[in-house]
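What follows is a short report on a single structure.
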Amino acid sequence: MLKRLGEWIYENKFKTFLVWLVAIAVLIGGAVGFGSHYTTNLTITGIPSTNIQSTLEKEFKMNPNSGTMKAVIQNKKDGVADDKTKAEVASAIDKLQKKYSSDIKSISNPYTTGVISSDKTTTYVDITFKDDSTNVSQDAIDGVKDTFNDKVKDSDTKVAFTGSVKVTPIGVGGKSELIGIVIAFVLLLVLFRSFVTAGMPIISALVGLIAGVLLITIGTNFVTLASVSQTLAVMLSLAVGIDYSLFILNRYRTDLADTNGDRKTALGLALSEAGSSVIFAGVTVIIAVCGLAFAGIEFVTTMGLATAVAVVSALTFLPALIAACAKFIKPNNQTVEHMAKNPSKITKFITGHPWTVSIVAVLVLVGIALPAQNMRLGMPYNGSLPDNRTERQAYDMISDKFGEGVNSPLIAVVKMDTDKGQTENEANLIKIASYIADMKGVKMMSPLTVDQQKAATLQTQLTQEAQQKMMAQAQATGQAPTQAQQDQAAAQIKQAIIAQASKPYQISADGKYAMMVVIPTKGSAAKQTTDLVHKIKDYSDTTESKYDAKITMTGVNAVNLDITKKLNDATPLFAVTIIVLAFILLMVVFRSFVVPAVAMVGFGLSLLASFGFTTLVIQEGFMKGLFGVAKGAPILAFLPIITTALIFGLAMDYEVFMVSRAREEYVKTGDNDRAVTVAMQSSGPIVVTAALIMIAVFGSFALDPDPTIKSIGLALSFGIFFDAFIIRLLFVPAMLKIFGKVNWVFPGHKK
């Protein structure tokens, strides 16, 4: 069927181009019409900390997904408590309320709420939008930034922004993609020695990339997808799109020589031979990444869609391109006999010293993998962003002046027994809040409600005291109190009421739930904060037995811990599942028990080595200047399972392209040594080029300043290097040599 498809496309190349043109035009129309609605949050479903958020919304009218921003204002020279800054902030708030009333739900004035650092140098304005963070318009976000920069920012006053919305817009493409494409073109040019031929795989990959990204963008209107999924899709689509096209194009050049220049037949043969391998390799990647959906990581399934589009492009658009530019493609004139009789020095060394090669390969990878045992998983946080990002600047300002924990508060939702009555439940809540407040790692419990009777008494008492104090000052100075002095007195009274009459909990209208906000001492990446969350969760067992009150934690830290736990539980099962599946598939394809076993051992070694080196760079900061790591931080919790899926899929690609050539030659001749030599000489250069292209693409994304993208790019580029150059090009051929004809022992196999 693939042979017939190739021959049909050769005769109907312009119809094929037209179909692709129409398809992309339709996708562009859909993407423009529906718009893009990526979320900035990485999350998964089916964990307690996200499930409880529906309770917060129902019982406390608190939408955890609503768009929020913080405008952090700092002036270390003159402070931010002067009349000038107050007036500028008030003016900015007033302008935003008038201009963006349809977008903004509320804006807090810090001079009314008393949110000013103890040294009077820093404050922040909280903005809450009406829409969820994914739906807030970029115009409104930019409007907030422009207004504060225009009204408040000056040579002495810094303004930085953070929040759940896309404060820094995520671009579709940039220099990372361009660098990867340029390097890929140079590598293809060296391989094919033709500008036209070298450009074909890149053009085919770009067409598939555009179609895939447009499809995913449309998909954001129907399912929740994190913005990082777009980058992952671009990364994978570009890499595998070039690789798959490279394999088909190279096979076409070989078949062109075998058919004496019959281009139509050669194209049909190329699709039937290399095309079937591409389908197998593509399906392997798709199964691997789509399998992550079973772990609740739905956003990475977009990579499966991107891979599928890349396969379709390689099987349809590339053949049409080959047909249109056939006269520029030169046949590969190196015969199999020539390759068998003239092996390279590397091939001679591997086949001559297989035990040495295999043992050294294993020892090197095991040594590199050792740091993985100290890997600590976590989630992205603004404190690990580059210094020039406004979110990092806002994070540092708040951490320095208000405490790092203010950036990531914890929310404890307490489910109560309504049969006990409100009085008893409130007494228990006071005990629970008091116990949590005394835990190590807690800075404070946020005041949520106020005892109105006590507040009224305090209001009267403190107001009288303030008036008497201002009158005494007026008599002494002969001047009436200024408006600024009156505002300051009012703010101090409000803070005193909050401190003395507030309750650290809020009870829902039906009395079933209570909410407490816990401000940790440290930030989300600190072990102390992680320990605090575990302590509160453990304390829930006590509150259930003692007060019939169950505590469920949510907030950034709690969500991160639940995500990490679920991923840790899912990764081993996922890895075992895909290894067993791959073993069965490779066993059927190669009619061998030994070959798939060696392939799986090699995959495990390269994967662990990737984890080890990534831990060294990202977590421990090894050579962080070279790799552009801003700050050592825990490894992204999603990274092990994403890397497992992608390196597995790509490793099987190289395994298929390398070993299928060896098996093909062995079936023809029955000579295992000759089969290994021909595979190394024929497929080796293609695997080298393909791997270098993958490393270039993934490595270019490692240049991205975003720590999430950087860590994934680094892990994948390291993983591909270890797997392609140490496992597939050294370890696998050496093991094929060692096992000899045992490689191909299989029921029903004649050789």
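When the stretch 7-25 is filtered for residues that are hydrophobic (A, V, I, L, M, F, W, C) and closer than 25 Å to Val213 by Cβ, the ones remaining, listed by number, are Ile9, Phe17, Leu18, Val19, Trp20, Leu21, Val22, Ala23, Ile24, Ala25.
Taken over the stretch 27-47, the criterion of being modelled with pLDDT under 85, of a type outside the set (Gly, Ala, Ser) and surrounded by fewer than 16 Cβ atoms within 10 Å (Cβ to Cβ) is satisfied by Phe34, Thr45.
Out of Asp258, Asp243, report the one residue that is buried (at least 24 other Cβ atoms within 10 Å of the Cβ) and of a type in the set (Asp, Glu). Every option except Asp243 fails the conditions.
If I filter the stretch 315-334 for residues that are over 30 Å from Tyr124 (Cβ atoms), polar (S, T, N, Q), open to solvent by less than 70 Å² (accessible area, probe 1.4 Å) and outside any helix (DSSP H, G or I), do I get at least one hit?
Yes, there is a match, as at least one residue in the stretch 315-334 is over 30 Å from Tyr124 (Cβ atoms), polar (S, T, N, Q), open to solvent by less than 70 Å² (accessible area, probe 1.4 Å) and outside any helix (DSSP H, G or I).
Within the stretch 121-140, can one find any residue that is more than 28 Å from the chain's Cα centre (by Cα), of a type outside the set (S, T, N, Q), within 30 Å of His37 (Cα to Cα) and modelled with pLDDT of 90 or more? Yes, there is a match, as at least one residue in the stretch 121-140 is more than 28 Å from the chain's Cα centre (by Cα), of a type outside the set (S, T, N, Q), within 30 Å of His37 (Cα to Cα) and modelled with pLDDT of 90 or more.
Filtered by the rule that a residue be open to solvent by 40 Å² or more (accessible area, probe 1.4 Å) and within 28 Å of the chain's Cα centre (by Cα), the stretch 500-533 gives Thr521, Lys522, Lys527, Gln528, Asp531. In summary, Thr542 fulfils each of the numbered conditions (1) open to solvent by 20 Å² or more (accessible area, probe 1.4 Å); (2) closer than 21 Å to Ser399 by Cα with the single exception of condition (2).
Each row is one residue, and each column tells you yes or no for (1) in a helix (DSSP H, G or I); (2) loosely packed, with under 14 Cβ neighbours inside 10 Å.
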residue	(1), (2)
Ser399	yes, no
Val413	no, no
Ala427	yes, yes
Ala433	yes, no
Lys440	no, yes
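Could we say that Ile24 is loosely packed, with under 15 Cβ neighbours inside 10 Å, of a type in the set (A, V, I, L, M, F, W, C) and either within 30 Å of Leu321 (Cα to Cα) or in contact (Cβ under 8 Å) with a residue 24 or more places away in the chain (or both) here? Judged against the criteria, Ile24 is a match.
All conditions but one from (1) in contact with a strand residue (DSSP E or B) (Cβ under 6 Å, 6 or more places away or on another chain); (2) open to solvent by less than 80 Å² (accessible area, probe 1.4 Å); (3) not acidic (Asp, Glu) apply to Lys105; the one that does not is (2). Considering each residue of the stretch 258-273 in turn, at least one proves to be at positive phi, free of Cβ contacts under 8 Å to residues at least 24 places away in the same chain and more than 41 Å from the chain's Cα centre (by Cα). Restrict the check to the stretch 279-299 and report whether at least one residue is modelled with pLDDT of 75 or more and of a type in the set (Asp, Glu). Scanning the stretch 279-299 turns up no residue that is modelled with pLDDT of 75 or more and of a type in the set (Asp, Glu). Regarding Phe721, is this residue among the aromatic types (Phe, Trp, Tyr), modelled with pLDDT of 90 or more and open to solvent by 40 Å² or more (accessible area, probe 1.4 Å)? The answer is yes for Phe721. Within the set Ile578, Ile647, the sole residue that is modelled with pLDDT under 80 and under 30 Å from Ala270 (Cα atoms) turns out to be Ile578. Count of the stretch 180-215 residues, restricted to those that are open to solvent by 30 Å² or more (accessible area, probe 1.4 Å), part of a helix (DSSP H, G or I) and of a type outside the set (A, V, I, L, M), is 2.
Within the stretch 534-565, the set of residues being modelled with pLDDT of 90 or more, within 28 Å of the chain's Cα centre (by Cα) and β-branched (Val, Ile, Thr) comprises just one member, Thr552. The numbered conditions (1) free of Cβ contacts under 8 Å to residues at least 40 places away in the same chain; (2) under 30 Å from Phe613 (Cβ atoms); (3) in contact with a helix residue (DSSP H, G or I) (Cβ under 9 Å, 6 or more places away or on another chain); (4) loosely packed, with under 15 Cβ neighbours inside 10 Å are all true for Phe349 except (4). Here Ala92 fits the description: under 35 Å from the mean Cα position of the chain (by Cα), over 28 Å from Thr554 (Cα atoms) and touching a residue at least 12 places away in the same chain (Cβ under 8 Å). For the stretch 579-620, a residue qualifies if it is open to solvent by less than 20 Å² (accessible area, probe 1.4 Å) and assigned to a loop (DSSP other than H, G, I, E, B), and exactly one does: Ser592. Contact annotation: residue pairs with Cβ atoms under 8 Å, 6 or more positions apart or on different chains, pairing a residue in the stretch 181-193 that is without any contact (Cβ under 8 Å) to a residue 24 or more places away in the chain with a partner that is open to solvent by 50 Å² or more (accessible area, probe 1.4 Å) and in a helix (DSSP H, G or I), are Leu189/Phe195.
The values are calculated or read from the model by the stated rules, or taken from the named source; none is laboratory data. Since this is a predicted model, take the numbers as computed values, not measurements. So basically every Cβ, Gly included, is an ideal-geometry build from the backbone, and we count neighbours across all protein chains shown. The area values use the complete protein model at the heavy-atom level, side chains included, leaving out ligands, DNA and RNA. Shrake-Rupley method; radii C 1.70, N 1.55, O 1.52, S 1.80 Å.
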